[in-house]
1. If we sort 133-143, 109-119 on the protection proxy, mean other Cβ atoms within 10 Å, highest first, what's the order?
2. Assuming a ≥ b ≥ c are the square roots of the Cα gyration tensor eigenvalues, decide whether segment 7-186 counts as rounded (a/c under 1.5), prolate (otherwise, with a/b larger than b/c) or oblate.
Amino acid sequence: MIGSVDNICRVTTSGVVTAFPVAGTGFLPLASITPGSDGNLWFAGGVGPPYLLGKISPAGVTTSFPAPPAPEGITAGPDGSLWIPLQLGVITRLTTSGSRTDFPLPNNNALPSGITSGPDGNLWFTEYVGNKIARITTAGVITEYAVPTSGSYPFGITTGPDGNLWFTEIGSRIGRLNPNALPAPVPLPASILFTVLGVMLAALFSFFSARRAASKVRQA
């Protein structure tokens, strides 16, 4: 677990706590921790420089290194990599060997926060300012879904035992999302788009024609 300020703590099932200091945090809080595919625990955090990513072995040996600005969370993906949302509007994929790939969000002011590995083989994260729940594939394709309640400010997110995604909202609310019952964003082909525009124009023409006819009747 994440300890106070710059410690990572281990607690036994009998309640014995052991703290392991993490060098280089600058007395800034660590944000999140997750098991990695390499047998280590990986952590991220820092609310101001220096920002850190790192790992700690089961024996308590820590390795940390500078991170891009403001990592908010961290989770292990189905591909064996670590996935980290950054406040600057990026989702970062980090392999256990240290190779990093950044995937920018459509809105770099969305403030991605919590992240979890979903039951569908994708990663799911919250957009605190964007008021959305978003999905990113292991190939880096991002799809966003708006939270129905405006001003919800979704933050933490996790996968529940029921196969749904559960997330926290401001104002002591909890949200639930079924990753298998989402609207599929399908772009309209040009032929269908022009048909839709034609129907809209025809409807407007009929509306104004009816208004003009009604006006003539009143004048008569």
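1. Details: 133-143: 16.8, 109-119: 21.8.
For the peptides 133-143, 109-119, the packing ranking is 109-119, 133-143.
2. On the way: a/c = 1.65, a/b = 1.55, b/c = 1.07.
Judged from the Cα gyration tensor, segment 7-186 comes out prolate (a/c at least 1.5, a/b above b/c).
Since every read-out is calculated from the coordinates, none of them should be taken as a lab result. None of the values given here were measured: they were computed from a predicted structure. Neighbour counts are summed over all protein chains in view; Cβ atoms, including those assigned to glycine, are modelled from backbone coordinates with ideal geometry.
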